[in-house]
């Protein structure tokens, strides 16, 4: 597998040409479609489009439109959807979720053997599984994966979960792995259900994606496209598709025009403002699901102005949560409170510390009591247009109480560097935590733990105790109760305060079988399980 020559664009010619058009043209086309009906978008009738789609489907290739592509395609480094939606069909995990969200063996041959003290886990691998290059899956691959993930210099976000708990990894024989823990780690099974396993020779590569899954990555053009084909040697049920093609459409309107024209089958990152147009089109199917689509919103507790409680409270009560829901998410989702959202373990629907609309008078009273004289700060955001829209709405609300919020947009890598290095006043981003944490939100909570590498200098003994409970207990009810309490503390202290809980929205043509909403609750699209309707 190698990088494709970017001078030879492997995408269909209609895609390459369409992306070169100005985005305002596609937006105008979409607006016209909303006003005049879907059929007028292309000048073809719905039967004409359906016939063209049926003809295109003869090659068995699912066309997927995505909004962005990762610069690092190693799924061992990132749980973000931009990487994992592409790698879902390529890489696999030791355990996986079944349709009821139970953890069941996948690459593992059975349940782990756990010592009486909980500190030693022994896992036997299935025999006969091969990598896409023909090599057999062995314990050496699992050991190399775990070593990569706890290596601080590797850049893997999994270090947030593993460091301080995972102590040793040993290949006892060709198919048996032993994991030694420094202390009890009740979350380990959850992580083994979400953690991709990499080939021992590829764990450190940023430009390769080698797996054991039903599809293999044949080629990719950085930032543009990813071409997958079915792997003939797959150990499980054979997929109905012969291939999957991911194509980047940075402009949301262009993605939707291509979907309506029948040129692609499924799109991610559906622009919320165009949702009504999609729902009105009888050729399309929309799936809206509560999911761990988290708005990560952190303040640096260790410096001005956010080390001042009254300043934080002024910002918190002046936050225009309703405005974010309506103007950014098209009235989809809910106003935010704490870091744990509706789809996640520990969510408390009764937690209502802040009203959806800003309370400007109360905010001004808090601001008047603040010891800090600083009345401005910088919001550091990534490259997402949605996140910039969120920041813009928030800044406009805070301006009404005399606080200036300057928006600083940086690349994804620089955003991560700012987060890890605590080089921010407020930092904001969207993140799909389901790929690493499953039905929980551990990575969003991590910076509130003073011992974590992402710590933003907040130190609360009760929260530290609750964090230990969440990570170490094997009792799900105890973990959920601790998470609810943590969520309330962080909300009331205005330490982590997402302004909204947006839903995850996927749009697809009806000629494809529907995406499973239960899978979306864990961020999974699972394109390799789809097929074309007969």
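Structure above, values below:
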{"item": "Segments 91-100, 260-269 sorted - mean Cβ within 10 Å per residue, highest first", "result": "260-269, 91-100"}
{"item": "Difference of contour (0.36 nm per residue) and Cα-Cα distance, residue 167 to residue 351", "result": "62.5 nm"}
{"item": "By average C-beta atoms within 10 angstrom, highest first, the peptides 175-186, 211-222", "result": "211-222, 175-186"}
{"item": "Helix-only mean residue ellipticity at 222 nm for the chain, each DSSP H run of n ≥ 4 adding -39500 (n - 2.57), per residue, nearest 500", "result": "-8500 deg cm²/dmol"}
{"item": "Residue 462 versus residue 474: modelled label distance in nm, points set 7 Å from Cα along the beta carbon direction", "result": "3.0 nm"}
{"item": "Added length on full extension, which subtracts the Cα-Cα distance from 0.36 nm per residue, residue 399 to residue 127", "result": "91.7 nm"}
{"item": "Extension gain (nm, one decimal) between residue 46 and residue 201, 0.36 nm per residue minus Cα-Cα", "result": "50.9 nm"}
{"item": "FRET efficiency for residue 242 and residue 304, using Cβ-Cβ distance with R0 set to 56 Å, rounded to 0.05", "result": "0.45"}
{"item": "Bridge type composition, the chain - antiparallel percent by DSSP, nearest 5", "result": "75 percent"}
{"item": "Using alpha carbons only: equivalent-ellipsoid semi-axes of the chain, gyration tensor based, whole Å", "result": "36, 33, 19"}
{"item": "Taking segment 293-501 and dividing mean pair separation by its residue count, relative contact order in percent (alpha carbons under 8 Å, at least six apart)", "result": "36 percent"}
{"item": "Label-zone membership for segment 495-517, site residue 279, 7 angstrom Cα→C-beta point, backbone N under 15 Å", "result": "503-508"}
{"item": "Protection-proxy order for peptides 387-398, 131-142, each taking the mean of Cβ atoms within 10 Å per residue, highest first", "result": "387-398, 131-142"}
{"item": "Two-site label geometry, residue 453 and residue 71: point separation in nm, points 7 Å out along Cα→Cβ", "result": "1.8 nm"}
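Each value in this text was obtained by applying a stated rule to the coordinates, not by laboratory testing. As the structure is a prediction and not an experimental result, all values here were calculated from the model. No Cβ is skipped: glycine too gets one built from the backbone with ideal geometry, and neighbour counts run over all protein chains shown.
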